[in-house]
Structure formats: structure tokens, C-alpha cells
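Data block below; observations after.
Nothing in this text is a laboratory measurement; each read-out follows from the coordinates by a stated rule. All of these numbers come straight from a predicted model, not from anything done at the bench. Don't worry about glycine lacking a Cβ; one is built from the backbone with ideal geometry, like all the others, and counts go over all protein chains shown.
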Amino acid sequence: MDKFLLLHEKCKSSRAPQVLIIGLDSSGKTTLLTHLLTGQPMATSPTIGFNVGTLDLDKKHSLTLWDVGGQKALRNNWKYYLDEVQALVFVVDSTDKERLPEAAKALKHILTDKVEGVPLMVLANKKDLPNSMTIREIANQLNLPALQDRRWEIQACSAHRGLDSTRLLLLSAR
């Protein structure tokens, strides 16, 4: 997780670092955000627009988390959330093999010059469900090894259970 030390430096500024959580619809972005902010899973509905919340890491540091809708019609709006982002979190449904090429295309599209140097965290969500793919399979399908000019990390998680993803985000921010 030391690849994300830059985010820690940003935490020292007076404004909370902005973290953008994106991915295809039904990948678990809103469930992840809700669990991070409340500590419990909650029923969610498809996000039209965005959800935002502040995650307090400790008494001095916090993150502003933006969860943006992932429906195909909304993906062109992702670019409007990139201006001051210090980290990208791309959530993938690790049980949805059929949509992984679509996720790869969406990720490639968002990794523009506008976010050059911004660290990328890929969360392979729904690892607790049967038939979930390995992080190696997902990394290869998303062509992550080709991202040699960007710091990136991939981790399996369960946004519904929350424990892994909470720990993951906290560690990446420190």
C-alpha cells in the first residue's frame, strides 16, 4: 500500500483529499461508500448522479469520497469529477465475466491526461460470492500490467461485508 503515500501527503493539506469511486453499474460502488461511511451494509438503489461523503480517518485526516453512477448513459459525466481528484477507485464486479471487457473499456476511457499521476485502486468486489474471478484474471482483463506510467493496486473485497474494503481504503490513505 506504500504506493499511495502521495495521498497521505495530500491529507496534510487543509482540504480533504478527493477520492473518486467509479465503475460499471451494479459493481457495488454505493454499497462500498455506504459501508465505509456507516459501518454497516444498507440496501441501495442505482445511483443517478452522485453520492458524496466524508470519511474521517482519524482526528486530523479525512477523505471526501465521491460515488458516481455507472450506467452507460452516465459514464460521460465521470470526466466532470476529475478536476481535483487525488485517487481513483475503480470497482469491478468480480462475478460478472461477461461485462469485464466493458469495464476495461470504461477504465481505459477515464485514464486520460487529466488524471495523469493520480493513483488507481481497482477493487475486485463481491469476492464472497461463488464464481468470483481472481485478482490476477481481472488485472489481466483490465490490462493493468500495461499501466507502467501510473501507480496502481488491485485488491479483492466485499463491499457488502465491508471489512476488507474499509481496511484497504484506510491503508491506502496513510
- Task: Could you sort 87-95, 142-150 so that the peptide with the highest average Cβ count within 10 Å comes first and the rest follow in order?
- Result: 87-95, 142-150
- Query: ³J(HN,Hα) across the stretch 64-75 via Karplus (A = 6.51, B = -1.76, C = 1.60, θ = phi - 60°), whole Hz, x for Gly/Pro?
  - Reply: 9, 9, 10, 9, 10, x, x, 4, 3, 5, 9, 5
- Query: Each residue of the stretch 28-43 in turn: what ³J(HN,Hα) in whole Hz from Karplus with 6.51, -1.76, 1.60 and θ = phi - 60°, glycine and Pro shown as x?
  - Reply: x, 4, 5, 4, 4, 4, 4, 5, 5, 7, 10, x, 9, x, 9, 5
- For ASP149 and LYS97, FRET efficiency with R0 = 25 Å and r from the beta-carbon atoms, rounded to 0.05? 0.35
- Distance between Cα centroids, the stretch 24-48 to the stretch 54-96: provide it in whole Å. 12 Å
- GluC sites (Glu not before Pro) in the stretch 36-116 lying in a DSSP loop, each with at most 14 other Cβ atoms within 10 Å of its Cβ, come to GLU84, GLU116
- Note on the structure: Placing each pseudo-label 7 Å from Cα in the direction of the beta carbon, ILE48 and ARG136 end up separated by a distance in nanometres of 4.4 nm
- Item | Net lengthening on full extension, GLN71/GLU116 (0.36 nm per residue, minus Cα-Cα) | 13.8 nm
- Task: Between ARG161 and HIS109, with labels modelled 7 Å along Cα→Cβ, what's the label distance in nm to one decimal, could you check?
- Result: 3.3 nm
